[in-house]
Structures are given as C-alpha cells and as structure tokens.
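First the structure, in the form of structure tokens, and then the observations on it.
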Amino acid sequence: MHSKFKIVAPDQGLAAALQHKIDQKTKPRGALGQLEAVARQVGLIQQRLDPQFAQPHLLVFAGDHGAARAGVSAFPQDVTWQMVENFLAGGAAINVFARQNGLHLAVIDAGVAHDFGRRPGLIHAKVVPGTANYLEQPAMTVEQCELAITRGAEIIHNLALNGCNVVGFGEMGIGNTASASLMTHCLTGIPLADCIGRGTGLDDAGLARKQGLLEQALKRYRAGGGGNAPLAVLAEFGGFEVAMMVGAMLAAAEARMLLLIDGFIVGAAALSAARLYPALTDYCVFCHRSAEAGHQAQLQALAAEPLLDLGLRLGEGTGAALAFPLVQAAVGFLNEMASFESAGVADKA
C-alpha cells in the first residue's frame, strides 16, 4: 500500500437531506437519471446542500514510451512532443472543448523526449525523457515511479491552494494505449487480447503486431516473477504521464475535489489509484465510454457507469471536457430548480 495519502469515503450524514432536496424538485422522482446521482455525489464530496464549482481545471499529462519505437503505435514517437506544441498553441481538440466549457487547461511534461524550454501553459515535471522499453526491461524504476506520483500530487496541491475543487484528467503519449492494455490486464484479470485495441488507428496487421509485442512483454514480466500489485504493474508497464496522474488523482481525492475521468489511458491511472485506495472512486465521475477495447474492462472493474457514449478514442481529456457541462447541469438543477413547495406545484398523492 502506498501510504502517503489519506483518502476516506465522503461522510454520508448529508445523504438523506440531499436525496430529499433532489426528490422535491418539480419533476417525477428519478426523472433526471444519472444527473441526480451526480448531484448527490458532488453534494457529498463538498458536504453541502448547495455545492459550487471553483477554478475548474483540465490537466493534460504528456510522456513518451520506450516501447513506441518497437511498433506498438501507428504514429512515430515524435508526435508526442508535436502534439504538446499543438496544445500550447491552442490548436487541439482539447483546447477547443476546454475553451468552450470554461475549463482552465494546463499541460504537464511528465516525461516527453523533448526540451520545450519555459512556456506559458506548460508545467515542467519531467522525470526523465521517456520510459525504458518494457519489451526488454521495466518501463521505470520504483524510484522514478514514486517521483512521478509525488510530482503529480504536488501539482494538485498547488491547484487546491488556489481554490480549485474540480479537475479533469487528460493525457498525451504515443504508445500509451499499449501501456494501458497491459496494466488493465494485470489489474483486472481480463485476457490481454480483450484489453488491446487499435489505439491511434492500427490496421489489422498493426493490431496483430501490437498484440504479439504485448504478449512478449507480459511473458518477460511473468517469467521474472512479476505479479499484479498496482505499483509494481505501474512501474513495469506504465508511462510517466500515467504515474503522475495516479499521484494527482490521489491528491485530488484527498483534497475532496471532484475528479473528471476521461477514457482508456486516464482509466488505467484511475484503476491503479483505486487499487491502492478504493475510496478514490467516490470522488470520480467517469465521463465517457471509450471505443478502446480495454476500457469496458476498466469500467466493469470499477463498477462505473459513464455519462457519455460517443465512440470517442482521442484521449487528451476530450471526454472529460465534453462531460463537464453535464456535471455543471447536475449541480445547477440541485441549486436552482424549484421545489414542489416553492413553485406551488402539487406533489404526487
């Protein structure tokens, strides 16, 4: 167990009052579906009948993977740093959606194989320029993994000091769907083949090659006695962006923030964090169901029902940004919708 965090489930003492407030709105009970569950969840996290969001942020963690050069992705590794440049220039999908929905966007260099220099909107947290190739050796040392977790937590601590209480998670890293597939297999027990998808758009031959390479990596790990402990799996197959998200998620839950969980890669980080601290999921809204094969295994393992199912598989935190207006709508109806009594509308007999 990683012992540096103190994460407990929200106090349920306010649950009955929140449910009563929801049920007394001018609507049939349960008629707002999942929005009612989200409203209750946010109220419990904030311990308020009138929860409010402050300083909403979307964090995109970027890192390179040593295994990318072996052919687990359809794109070359240089696309990682090129896409970070695109984020910083404001030209990516996540920039558009974050602007549209009032999310402050920050990009974190967790371990990109590129020197960006000091740039507005870029947080420098690089551990080293990319992980090792897990086809041959562990992706990172235990010490590197711990450092990434610590740096992720520090980023959240700084946001909390500025009043942020809701944070979305996104990522960028060529090869990270392969990493997430291996992690998902180890942490859920779902067959590896069922955790592997096309990532950035592999054709059938590329998908077969990816599966063969990941089976090779898993065989090497198991032959060395590798098990399914979350931190061991994270260090063996993860990326620095994934490990840094684990630390950030744990710190955000500790700070009683609401966490907006994106798709497959962010889901791998959430799965790792929840295996360490099961109460983490009480602070998470799972924003969408990815088209990546392994995401369904993650959602099942976490007993999560996502808000959206749009066939997305872009990453970047796009699903989290798109779902945020729904989360705001949940808080909005809780705070602003009339009750039967205030509106003079008769409740059911």
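Quick one: would you say Met249 is assigned to a helix (DSSP H, G or I), under 27 Å from Leu161 (Cβ atoms) and at pLDDT 95 or above? Spelling it out, Met249 is indeed assigned to a helix (DSSP H, G or I), under 27 Å from Leu161 (Cβ atoms) and at pLDDT 95 or above. Only one of the listed residues (Gly317, Gly294) is within 28 Å of Leu135 (Cα to Cα), touching an Asp or Glu at 6+ places or on another chain (Cβ under 6 Å) and buried (at least 23 other Cβ atoms within 10 Å of the Cβ). That residue is Gly317.
Of the candidates Val72, Val60, the single residue that is over 15 Å from Glu171 (Cβ atoms), among the β-branched types (Val, Ile, Thr) and in contact (Cβ under 8 Å) with a residue 60 or more places away in the chain is Val72.
Yes/no per residue for (1) at pLDDT below 95; (2) closer than 14 Å to Ala293 by Cβ; (3) surrounded by fewer than 19 Cβ atoms within 10 Å (Cβ to Cβ):
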{"residue": "Leu182", "(1), (2), (3)": "no, yes, no"}
{"residue": "Gly189", "(1), (2), (3)": "no, no, yes"}
{"residue": "Leu207", "(1), (2), (3)": "yes, yes, yes"}
{"residue": "Ala223", "(1), (2), (3)": "no, no, yes"}
{"residue": "Val233", "(1), (2), (3)": "no, no, no"}
{"residue": "Phe237", "(1), (2), (3)": "no, no, no"}
{"residue": "Phe240", "(1), (2), (3)": "no, no, no"}
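Only residues that are of a type outside the set (Asp, Glu) and within 21 Å of Ala193 (Cβ to Cβ) were counted across the range 273-301, and they come to 12.
Selection of the range 113-170 for residues being of a type in the set (Asp, Glu), out of contact with any helix residue (DSSP H, G or I) (no Cβ under 8 Å at 6 or more places or on another chain) and in a loop (DSSP other than H, G, I, E, B) yields only Asp115. Only one of the listed residues (Val72, Val8) is in a loop (DSSP other than H, G, I, E, B) and under 30 Å from Ala217 (Cα atoms). That residue is Val72. Count of the range 119-168 residues, restricted to those that are free of Cβ contacts under 8 Å to residues at least 24 places away in the same chain, surrounded by fewer than 18 Cβ atoms within 10 Å (Cβ to Cβ) and of a type in the set (A, V, I, L, M, F, W, C), is 1.
Quick one: in the range 72-102, of everything that is of a type in the set (A, V, I, L, M, F, W, C) and more than 20 Å from the chain's Cα centre (by Cα), which residue is surrounded by the most Cβ atoms within 10 Å (Cβ to Cβ)?
As a first pass, look at the range 72-102 and keep what is of a type in the set (A, V, I, L, M, F, W, C): 72, 74-75, 79, 81, 83-84, 87-89, 92-94, 96-98.
From the residues that got through so far, the ones that are more than 20 Å from the chain's Cα centre (by Cα) too are 72, 74-75, 79, 81, 88-89.
Details: Val72: 30, Ala74: 16, Phe75: 16, Val79: 19, Trp81: 20, Leu88: 17, Ala89: 10.
Applying the filter and picking the extreme gives Val72.
Is it the case, given these coordinates, that Leu312 is within 24 Å of Ala106 (Cβ to Cβ) and not in a helix (DSSP H, G or I)? Yes.
Per the listing Ala54, Ala68, Ala125, the residue uniquely within 30 Å of His20 (Cα to Cα) and of a type in the set (Gly, Ala, Ser) is Ala54. Restricting attention to the range 30-47, the residues being more than 23 Å from the chain's Cα centre (by Cα) and touching a residue at least 24 places away in the same chain (Cβ under 8 Å) number 2.
Tell me which residues, restricted to the range 87-99, are closer than 21 Å to Phe324 by Cβ, free of Cβ contacts under 8 Å to residues at least 24 places away in the same chain and assigned to a helix (DSSP H, G or I). Lay out the reasoning, then the answer.
Going residue by residue through the range 87-99, those that are closer than 21 Å to Phe324 by Cβ are 87, 90-99.
Restricting the remaining residues to those that are free of Cβ contacts under 8 Å to residues at least 24 places away in the same chain gives 90-91, 95-96, 99.
Hits for the range 87-99 are Asn95, Val96, Arg99.
The values are calculated or read from the model by the stated rules, or taken from the named source; none is laboratory data. Small disclaimer: the values here were computed from a predicted structure and weren't measured. Heads up, the Cβs are rebuilt from the backbone with ideal geometry, glycines too, and the neighbour counts pull from every protein chain shown.
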